[in-house]
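Since the structure comes first, as structure tokens, the remarks are kept for the end.
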Amino acid sequence: MLTSSRINDMQISAKHALKLAIGAAALVGAAQANAFTAFQTSGLQSDELIIKGRVAYEYDWNKSGKNHDDHDDAGSRTAIKYTHHFNEDFAVLGTTEWGYNPFFRHGSDTRRNKLDYYKRLQFAGVSYKGIGTLTYGKQASVYSMVTDATDQYWVFGAAADGKTGLKHLVGADRPDNSLKYQNAFGDVTVGLMFGGNDHDYDDDGSRLTRRHFDQAAVNWQVAPDVTIGTAYNHAAMKDDASDENFNVEQYVVGATWTPGNWTLGVLAGQYHNELAGNYTSARGYETFTQYAFKDLVSFGDVSLYGGLNRLEDRNSPARSSSYIVGTALKTHKGFGANDRFIVALEHVFNDNKNSSGRDLDAEGKNLDATSLLVRYNY
């Protein structure tokens, strides 16, 4: 006999299944409509235009560790990259990349289903072989050269690498108004970055000013499958409400090792005034371990992976800690030579503590969470 409780559970499950089906259908339709290709001219002077991106859908159980299920966009974006080669050594380049929500869930006026979009990258520069690349605008930080060692999960991760908080202001992720230099000297890649005045608002609505930031990173490819690196970031900040100046400092070291079908990454960092949560001084640790079964299915690779993300307050027992496990399928076949469909299922075991060293309160803020990702790269 079906009880009212069981009927309600069935209705909820059916509702969730319907949401998943609608999201997947929208993803496939968008992917088919947006499978752009690049063009390229040849000769001493040549031009190259690349249009690429992704459409991604995500369904979350216990989203953000709370007793709440949801579905949404998972980082859909489109990038246009143009390069003009004057000769085989010298080139000028430019990139613009925009994120958007193809499911129309959080537009400026949801009643009219307006598309929610935002600028991720927009920069231009010059490149000369042997001398390096110099770019200006909103762009990926050189800090990411090192944090990419463990920022390899499809859904979770990157919670303890110092790139949280007001990212573009601090300079650790995709800062605006930034000048970036990068070059490879044999097995060593060097990155330098500087940024000027910028503004944003903190979670409490108060305005913050970045007076300037400076950053440096070095990666050394010790062996064909081993890379180690370190990065430093400093941002001079001002709280406009209190007229108080303060500094953000971040140090990270990381390493990757890719023997055979394995991928292993480790990262450790120390952060001061990171603008993430309530930690004025913190340490972060991340790991990533993956094994890819490259011959398990004929049309793609299946991988199993997992690791740790742990951000610790240096002044109390408080921590933001999680253990991640997942599996993913990445196909070899799509609408073009480099196309990839990705389906990933990840589960996170939350192990957060408050400043008293206890689990977070019982309102559902520390629940284990699961996410399903479906993504098409074009």
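Please calculate how many Å² of accessible area the range 243-311 carries per residue, with a 1.4 Å probe and no DNA, RNA or ligand atoms counted.
49 Å²
With a 1.4 Å probe and all protein chains in place, put Leu44, Leu121 in order of accessible area, largest first.
Largest to smallest exposure gives the sequence Leu44, Leu121.
Sort Ile228, Ile324 from largest to smallest accessible area, using a 1.4 Å probe on the heavy atoms of the protein chains.
The residues order as Ile228, Ile324, largest area first.
Give me the three principal axis extents of the range 222-378 from the C-alpha atoms, as integers in angstrom, largest value leading.
Between the extreme Cα coordinates on each principal axis of the range 222-378 lie 59, 42, 29 Å.
Points 7 angstrom from Cα along the Cβ direction at Leu296 and Thr331: gap in nanometres?
Each label point is offset 7 Å from its Cα along the Cβ direction, giving 1.7 nm.
Let me check against my output: what whole-number percent is the relative contact order of the range 152-194, with C-alpha pairs under 8 Å and at least 6 apart?
22 percent
Compute the relative contact order of the range 36-377 as a whole-number percentage, counting only Cα pairs closer than 8 Å that sit 6 or more residues apart in sequence.
That works out to 14 percent.
In the range 36-377, what percent of the accessible surface is made up of carbon and sulfur (1.4 Å probe, ligands and nucleic acids excluded)?
53 percent
Just how far, in whole angstrom, is the range 112-156 from the range 201-266 if you go by their alpha carbon centroids?
14 Å
Could you work out the Rg to Rh ratio of the range 36-377, with Rh taken as the Kirkwood radius (inverse of the mean 1/r over all Cα pairs)?
Ratio value, two decimals: 0.96.
In terms of solvent-accessible area of protein heavy atoms at a 1.4 angstrom probe, what is the ranking of Asp161, Asp301, highest value first?
Asp301, Asp161
The values are calculated or read from the model by the stated rules, or taken from the named source; none is laboratory data. Predicted model, so just to flag it, every value in this text is computed and none were measured. All Cβ positions, even for glycine, are placed from backbone atoms using ideal geometry, and neighbour counts span all protein chains on display. To get the accessible areas, we keep the full protein, side chains included, count just its heavy atoms, and leave off ligands, DNA and RNA. Shrake-Rupley method; radii C 1.70, N 1.55, O 1.52, S 1.80 Å.
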